[in-house]
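Values quoted throughout were computed directly from the atomic coordinates according to the rules given, and no laboratory measurement underlies them. Treat the numbers as computed from the prediction; the structure is a model and nothing was measured. Neighbour counts run over all protein chains shown; Cβ positions are idealised from the backbone, glycine included.
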Amino acid sequence: MSYNSFGHSFRFSTWGESHGPAIGAIVDGCPPGIALSEADIQPFLDARRPGTSRFTTQRQEPDEVRILSGVFEGKTTGTPISLMIENVDQRSKDYSEVAKAYRPGHADYSYDTKYGLRDYRGGGRSSARETASRVAAGAVARLVIPDIKIRAYVVEIGGDAIDPAHFDAAQISQNPFFCPDAKAAARWEALVDNARKSGSSLGAVVECVAEGVPAGWGAPLYMKLDAQLASAMMGINAVKAVEIGDGLGAARLRGEQNADAMRPGKDGNPHFLANHAGGIAGGISTGQPVVVRVGFKPTSSILTPVETIDRAGNATDIVTKGRHDPCVGIRGAPVVEAMMALVLADAKLMHRGQCG
C-alpha cells in the first residue's frame, strides 16, 4: 500500500517528482464558502522558494501555484482542491553518478530495496522539492484557522544556537535564515558559506509556535495532538528529531519544575505560570501556545567524496554534483509552519465533528 496522504477530516495528498513536469497537492475536507485564490497561497511558496540567496540551492523555480479545482467564484466548494506547481529548472544530467551509486544518508538505497527501482533525478519523491506541495496545502489550511498565528524560525545551525535574550520577531523576515537573532544570523553567514565552499553541509533546528489555539483540540491516546504534530514533522524530508514543549529537556527536570502551575485567570480561564508541555496535556490543547522544535540533518547531497557502494554492491566513492542546499533546514521553516497549520486545521474540524 502506498501512503501519500496525511490528515483525517482535513486531508491532503501530494503528487509528483523533483524532475517531473510538475508537483502538486489535493486538499480534501476543506469547508465550503472560504475565499481562496492563488494570491492566498503564493506568499508562503515564495518564502520557501529556492534560489533566493547564496545560502540555498540555486535551482531557479518560480513556484507559481495554479488552482485546478475546488473553487468557484472565488470560494471553496467543499470538493477536492487541486493545486499544481510546474517544475521549470530541472538538470537531470547532474545526477548521472547518482544513477550508478547510492548517496549515503539519502533514500537512494532504501528506495531501491523497497521498490526495485528509483527515480535518481534529484531523488524523485524523496526530494525536498516535494515540500512545496505541503506549503501550498498548508496555505489553504491557514484559512480554516484564521485566528491562529503560526510562526517558525531557525534557532540553530551547525550547532550554533541563537541567544533567547536577543529574540526579535521582526528579524525573522529580515535575513535569509529566518533567524530571530540578528547576531546569530551574522555568524551563520560565515558558517554556511564555509560549509558550501568546502563542499559540505550543515544541520539546523527550527522552532514553531502557534498562538491562539483554543483549549480542547486533540483527543486522548490514539489521536493526541502532540502525536499528530510529531508525525507531521517527522514526515518532512531530512527531519530526524521532534520535540514538543521542553521535549527531552523535560526528562532532566523534577516534577515540581516540569509542572505548568496554574492560578485563576481574569477571564475565567486558568493563568499558566509556565509552558513546559508546549501547550498540550494528555494529547489535548490547553489554550497555551503550541510549541514544536524540529531537527533537520545536514543535506546528504554534497561535493565531498563519501564512501558508498554501487547498485552491484561494489565499493566506490560518490560526489553529488548539482545544486543543493548547504543547509536544508533554512528553507524548512516555511514547511514546518505548513505542517503545523495542516495538523491544527484537521484538529479543529475533528473537534467540531465530535463536540460541536
Share (percent) of C-alpha pair distances in the chain greater than 26 Å works out to 52 percent
How far, in nm, would the chain grow between A251 and K321 when pulled straight, counting 0.36 nm per residue and subtracting the alpha carbon separation? 21.0 nm
Summed over the other residues with a beta carbon less than 11 angstrom from that of D246, with K and R at +1 and D and E at -1, the charge totals 0
For P326, net neighbour charge (Lys/Arg +1, Asp/Glu -1) across residues whose Cβ lies under 10 Å away: +1
From the cross-link list K183/K321; K149/K240; K75/K266; K183/K266; K240/K348; K149/K266, which pairs have alpha carbons spaced over 29 Å apart? K183/K321; K75/K266; K183/K266
Find how much the distance from K75 to E211 grows on full extension, using 0.36 nm per residue of separation minus their present alpha carbon separation; answer in nm with one decimal. 46.3 nm
Could you compute the net charge surrounding G70? Neighbours are other residues with a C-beta less than 14 Å from the C-beta of G70; K and R count +1, D and E count -1. -1
Using distinct alpha-carbon pairs, which all enter the 1/r mean, Kirkwood radius of segment 201-334 in Å: 17.5 Å
Just to compare against my own numbers: the Cα pair-distance distribution for segment 281-356, 10 Å bins, whole % per bin, please. 14, 28, 22, 17, 14, 5, 0
Checking the cross-link filter: which aspartates and glutamates have an alpha carbon closer than 13 Å to that of K224, excluding same-chain neighbours under 8 positions apart? D346
Tell me, in nm to one decimal, what length is gained between R263 and A312 on full extension, where the rule is 0.36 nm per residue of separation less the Cα-Cα distance? 11.1 nm
Mean separation of Cα contacts under 8 Å, 6 or more apart, over the residue count of the chain: relative contact order %: 23 percent
proj_area_mean for segment 200-245 (convex hull on C-alpha atoms), units nm², value 4.2 nm²
Quick check on packing: order 75-88, 155-168 by the mean number of other C-beta atoms within 10 Å, highest mean leading. 75-88, 155-168
